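Worksheet: the structure to be examined is printed underneath.
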Amino acid sequence: MSDQDLIEIIKREIEKYYSKESNLKEILKKKIGFIGNDIVLKDELKRNFDIQETGEKIVVSELGIKELAEISQGVYSSEESKKFLYNLLEGKELIVVEEGIEWRKFISAPLKLQERYRNYEKVLESYGTKIMKRIEIREYLEERKNCFTEKLLDLKALKKNINSNGTIEISNETKVTELAKEYAGANNIKIVKR
């Protein structure tokens, strides 16, 4: 067997390994539902999740004023609010994109009207619905622990903030003490800067 043949065999084995690993990641993707027309958000979530019509957690990218009022009262008149309400009744966790709530686009709305709409949102939250900014949704769905943003990560803070995966996310400005670095290295803890 020549060196070239050996290289080809090794190359094929490596390709098989990586194709199996990527297929496994596709199978293990968490299933979530998505309601709405925000294609950019949907594409971003597709990278890490299996997007289906329904799931235990459902992202709602847009919520009109009429739907907000109806759902807070437990009724529906459109297909979109019917989906939303039925998912609530089935005990699914709904996550509404804050920027997709229609009334929030009107900056100069009367304060009393804004207060009424906020009360509708509070009613939805009392039903278990979460209202989040779109940049927070992926992290929430991935069940990430919040990023450590203190100025200094020492051993005590490292032990306190480590997540179940054996990693800790820190901000770029955070300094890590030598003792914390040694402890992390000895215990296979990954310190990831964001």
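The values are calculated or read from the model by the stated rules, or taken from the named source; none is laboratory data. What you see is a predicted model, and the numbers here were worked out from it, not measured in a lab. For neighbour counting, all protein chains shown are included, and Cβ atoms are generated from backbone atoms with ideal geometry for every residue, glycine included. The accessibility values were calculated without ligands, DNA or RNA, using every heavy atom of the protein model including side chains. Shrake-Rupley method; radii C 1.70, N 1.55, O 1.52, S 1.80 Å.
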Apart from one, (1) loosely packed, with under 12 Cβ neighbours inside 10 Å; (2) in contact with a helix residue (DSSP H, G or I) (Cβ under 8 Å, 6 or more places away or on another chain) all hold for LYS130; the odd one out is (1)
Within segment 135-160, restricting to residues that are charged (D, E, K, R) and closer than 29 Å to GLY55 by Cβ, the one that is most open to solvent (accessible area, probe 1.4 Å) is GLU143
Expected single match for part of a helix (DSSP H, G or I) and more than 23 Å from ARG138 (Cα to Cα) among GLU44, GLU70 is GLU70
Restricted to segment 103-127 and to residues being farther than 17 Å from VAL60 by Cα and among the hydrophobic types (A, V, I, L, M, F, W, C), the residue least open to solvent (accessible area, probe 1.4 Å) is ALA109
(1) assigned to a helix (DSSP H, G or I); (2) open to solvent by 80 Å² or more (accessible area, probe 1.4 Å) all hold for TYR76 apart from (1)
Of the residues in segment 161-194, those that are open to solvent by 70 Å² or more (accessible area, probe 1.4 Å), more than 26 Å from the chain's Cα centre (by Cα) and either free of Cβ contacts under 8 Å to residues at least 24 places away in the same chain or within 17 Å of GLU142 (Cα to Cα) (or both) come to GLU178, LYS181, GLU182, ALA186, ASN187
Listed by first then second residue, the pairs whose first member lies in segment 62-80 and is without any contact (Cβ under 8 Å) to a residue 12 or more places away in the chain, whose partner is of a type in the set (A, V, I, L, M, F, W, C), with beta carbons under 6 Å and at least 6 positions apart or on separate chains, are TYR76/LEU85
